[in-house]
Amino acid sequence: EPRLKRAGAHPDILNVVPPSAPGWGNSRQSEENTMLIVHVFVHVKPDCVEAFKEASLDNALHSVQEAGIARFDVIQQADDATRFVLVEVYRTVEATAQHKETTHYARWRDTVAEMMAEPRGSVKYANLFPADAGWDYPPGV
């Protein structure tokens, strides 16, 4: 039977966690997971929104093909179209360095450099839930 789980920084939000979810019921997830999740906070110039989206989606499509990346989400703030978060889920810490050596990352970095309204910032997170395998995109995504 599904259970409810508080959503991290938002204690008023509950997520429904189905029993089929990877790691469901495993109280030792934090000891077993090795993923590194990075949230990159981006603020672009208003006239660069579409170009930034195009460059970032191209980078994401290539990034998810890397063996060391489980997910690479590009999300745009609902109430401010100039703000984005890149949610990068790496299988290992080493995969972050490997990603920065790729051609598509260098192309993205150089393309978006002048689009920034302010320097990008990032925060690194350790995975607690779901289990590492639960971060993978389903087939066909």
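How would Thr82, Thr34 rank on accessible area, largest to smallest, probe 1.4 Å?
Thr34, Thr82
From largest to smallest, what semi-axes in whole angstrom does region 60-121 give when each is the square root of 5 times an eigenvalue of its alpha carbon gyration tensor?
Those come to 22, 15, 10 Å.
Send over a whole-number figure in Å² for the accessible area per residue of region 69-124, probe 1.4 Å.
57
For region 53-59, in order, what is each residue's ³J(HN,Hα) by Karplus, 6.51 cos²θ - 1.76 cosθ + 1.60 with θ = phi - 60°, in whole Hz (x at glycine and Pro)?
Once θ is set to phi - 60°, the couplings for region 53-59 become 4, 4, 5, 6, 5, 4, 4 Hz.
Under the rule of at least 5 residues apart or a separate chain, name every residue whose amide H is placed under 5 Å from the amide H of Asn127.
Met35, Ile37
Per-residue HN-Hα couplings for region 121-127, Karplus 6.51 cos²θ - 1.76 cosθ + 1.60 at θ = phi - 60°, whole Hz, x for Gly and Pro?
Result, ordered by residue: x, 8, 9, 9, 10, 9, 6 Hz.
Amide H neighbours of Thr92 under 5 Å, counting only residues 5+ apart in sequence or on other chains, H built in-plane at 1.01 Å?
Placed amide hydrogens put Leu36 under 5 Å from Thr92.
Could the peptides 85-93, 100-108 be put in order, highest first, of the mean number of other beta-carbon atoms found within 10 Å of their residues?
Highest-to-lowest ranking by the protection proxy: 85-93, 100-108.
May I ask you to evaluate 6.51 cos²θ - 1.76 cosθ + 1.60, the Karplus curve with θ = phi - 60°, for each residue of region 90-98 and list the ³J(HN,Hα) values in order in whole Hz, giving x for glycine and proline?
These are the phi-based 3J(HN,Hα) values: 9, 5, 9, 4, 4, 5, 5, 5, 4 Hz.
Counting only protein heavy atoms and using a 1.4 Å probe, what share of the accessible area of region 33-141 belongs to carbon plus sulfur, as a whole percent?
Accessible surface attributable to carbon and sulfur in region 33-141 totals 57 percent.
Compute the signed sum of charges (Lys and Arg +1, Asp and Glu -1) over the other residues within less than 11 Å, Cβ to Cβ, of Thr96.
-1
The values are calculated or read from the model by the stated rules, or taken from the named source; none is laboratory data. No experiment lies behind these values; they were computed from the predicted model shown. We place every Cβ from the backbone using ideal geometry, glycine too, and count neighbours over all the protein chains shown. When the accessible area is computed, the model is the full protein with side chains, heavy atoms only, and any ligands, DNA or RNA have been set aside. Shrake-Rupley method; radii C 1.70, N 1.55, O 1.52, S 1.80 Å.
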